[in-house]
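The values are calculated or read from the model by the stated rules, or taken from the named source; none is laboratory data. Note that the coordinates shown come from a computational prediction; the quantities given were computed from them, not determined experimentally. Note: ideal-geometry Cβ built from the backbone for every residue, glycine included; neighbour counts use all protein chains shown.
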Amino acid sequence: MVARQATWPRKFTRRGGRGHATPTRRAGGFTLLELILVLVLVSAVLALAAPSLRRFARARETTDAASHLLALTHLARSQAVAQAQVWRLNIDPEAATYWLTVQQAGAFVEPQSEYGRLFRFPAGVSVTVDGSETPDGMPYVQFYPDGRSDPATIELADPDGKALQVACPTLSERFRILSLPLEAGP
């Protein structure tokens, strides 16, 4: 006689009149009602969290833009020293753009690298620059072959009031990011 291995708990139902018992098994998984309930709960949580996630994403974009600006200042300083040329970080607050140029034969031209292109600040970010300006009023920061740079403060503010400064207070310091306190609402 062959022994059958039982699985517990085991339920039996009767089929027909001969007394044959066959086990019934419940299929694994979730019912439709359980799935709908979970979807409703997840939707409610996401609906409550969406506004704060949007604010977080906007603040993150501002922080990323400040980090990118900081990286370009470090690159411009390094290239100025390595190539013994004056480099310039140009900023157009009206167009929300910034780019690097290098001085060659007395004029500033775009460098022949991936950094010689136009970069954009995120939409909604306001930019103010406290530093040098060209004769036509375009703000810039200049980097010299001896490692110095123009002192400047570049402030980025998002629509929610979060503001960051990319600042270099003296000729010999490196640029760094400073966080500003949130502005009080009306």
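Consider the range 102-121 and keep the residues that are free of Cβ contacts under 8 Å to residues at least 12 places away in the same chain and assigned to a strand (DSSP E or B). The one that is farthest from Asn90 (Cα to Cα) is Ala107. Where strands (runs of 3 or more DSSP E) sit wholly within the range 1-101, those with at least 1 residues that are of a type in the set (Gly, Ala, Ser), more than 30 Å from Pro145 (Cα to Cα) and modelled with pLDDT under 90 occupy 20-23. Exactly one residue among Glu114, Glu110 is of a type outside the set (Gly, Ala, Ser), touching a Leu at 6+ places or on another chain (Cβ under 9 Å) and over 16 Å from Arg174 (Cβ atoms), and that residue is Glu110. The residue that is modelled with the highest pLDDT, counting only those in the range 102-128 that are over 25 Å from Gln83 (Cβ atoms) and touching a Pro at 6+ places or on another chain (Cβ under 6 Å), is Val127.
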